[in-house]
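Undergrad: One structure, as structure tokens, below. Some questions next.
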Amino acid sequence: MSIANVLLVDDETPFVVTMTKRLLKRDLHTVSAFSGEEALLTLEIDGSIEVVILDVKMPGMDGIEALREIKKRHPLVEVIMLTGHATVDTAIEGMKLGAFDYLTKPCDMDLLVSKVREAAGRKRQIEDRIFGVRLKGIAGKRE
């Protein structure tokens, strides 16, 4: 089994192609999207995505808008913001909207993979807790 199911979102095709190869070599099942809108569509279609690596600066729907929509529609999916244009305000806004972390390009691959593992682990823990609560509720109804 892969370490995590990842959606990589960036409008720069060469970056996406290179990063996808690098993530796949590290046992991360990776799919790509080239815009915020495409990312949302991909999340609707592929329910196995655990972590989104999301570029902040993109034409059309930028990363902050995409983050807002991802967290609204898929609250358990973890999002790591990635940007070459880091600003403190953008980082703060991303974290307030529920981003798991905020990294700058170029990003150290070991750090990124570590963050993806942490984020996927957190998502799985929350899902396990929700499942446990539901199971207790079902068991309680039978008593």
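Undergrad: Can you tell me which residue is surrounded by the most Cβ atoms within 10 Å (Cβ to Cβ) among those in region 16-32 that are of a type in the set (S, T, N, Q) and part of a strand (DSSP E or B)?
TA: Taking the candidates together, the pick is 30.
Undergrad: Could you list, ordered by first residue, the pairs with Cβ atoms under 9 Å in which the first is in region 90-115 and without any contact (Cβ under 8 Å) to a residue 12 or more places away in the chain and over 23 Å from residue 69 (Cβ atoms) and the second is aliphatic (A, V, I, L, M) and surrounded by 14 or more Cβ atoms within 10 Å (Cβ to Cβ), at least 6 apart or interchain?
TA: If the second residue must be aliphatic (A, V, I, L, M) and surrounded by 14 or more Cβ atoms within 10 Å (Cβ to Cβ), the pairs left are 111/103.
Undergrad: Considering only residues that are within 18 Å of residue 47 (Cβ to Cβ) and not aliphatic (A, V, I, L, M), which ones fall in region 100-124?
TA: 122, 123, 124
Undergrad: Also, I was wondering about something else. Checking residue 103 against (1) modelled with pLDDT of 95 or more; (2) in contact with a helix residue (DSSP H, G or I) (Cβ under 7 Å, 6 or more places away or on another chain): exactly one of these is not met. Which one?
TA: Only one criterion is unmet by residue 103, namely (1).
To keep it simple, each residue is scored yes or no on (1) closer than 17 Å to residue 112 by Cβ; (2) modelled with pLDDT of 95 or more.
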{"residue": "32", "(1), (2)": "yes, yes"}
{"residue": "42", "(1), (2)": "no, yes"}
{"residue": "57", "(1), (2)": "no, no"}
{"residue": "74", "(1), (2)": "no, yes"}
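Undergrad: Moving on to the next point. Just checking, does region 41-63 include any residue being closer than 15 Å to residue 83 by Cα, in contact with a strand residue (DSSP E or B) (Cβ under 6 Å, 6 or more places away or on another chain) and among the small types (Gly, Ala, Ser)?
TA: Checked region 41-63: at least one residue is closer than 15 Å to residue 83 by Cα, in contact with a strand residue (DSSP E or B) (Cβ under 6 Å, 6 or more places away or on another chain) and among the small types (Gly, Ala, Ser).
Undergrad: Which one is surrounded by the fewest Cβ atoms within 10 Å (Cβ to Cβ), of the residues in region 65-97 that are touching a helix residue (DSSP H, G or I) at 6+ places or on another chain (Cβ under 8 Å) and polar (S, T, N, Q)?
TA: Among those residues, the one meeting the criterion is 90.
Undergrad: Right, here's the next one. Could you go through region 60-72 and let me know if any residue there is out of contact with any Pro (no Cβ under 9 Å at 6 or more places or on another chain), under 18 Å from residue 115 (Cα atoms) and among the β-branched types (Val, Ile, Thr).
TA: Among the residues of region 60-72, not one is out of contact with any Pro (no Cβ under 9 Å at 6 or more places or on another chain), under 18 Å from residue 115 (Cα atoms) and among the β-branched types (Val, Ile, Thr), which makes the answer no.
Undergrad: For region 81-134, which positions are polar (S, T, N, Q) and touching a strand residue (DSSP E or B) at 6+ places or on another chain (Cβ under 9 Å)?
TA: Once the filter is applied, which keeps residues that are polar (S, T, N, Q) and touching a strand residue (DSSP E or B) at 6+ places or on another chain (Cβ under 9 Å), region 81-134 yields 83, 90, 104.
The values are calculated or read from the model by the stated rules, or taken from the named source; none is laboratory data. Worth saying up front: this structure is predicted, and the values here are computed from it rather than measured. Quick reminder, even Gly has a Cβ in these numbers, built from the backbone with ideal geometry, and neighbours come from all protein chains shown.
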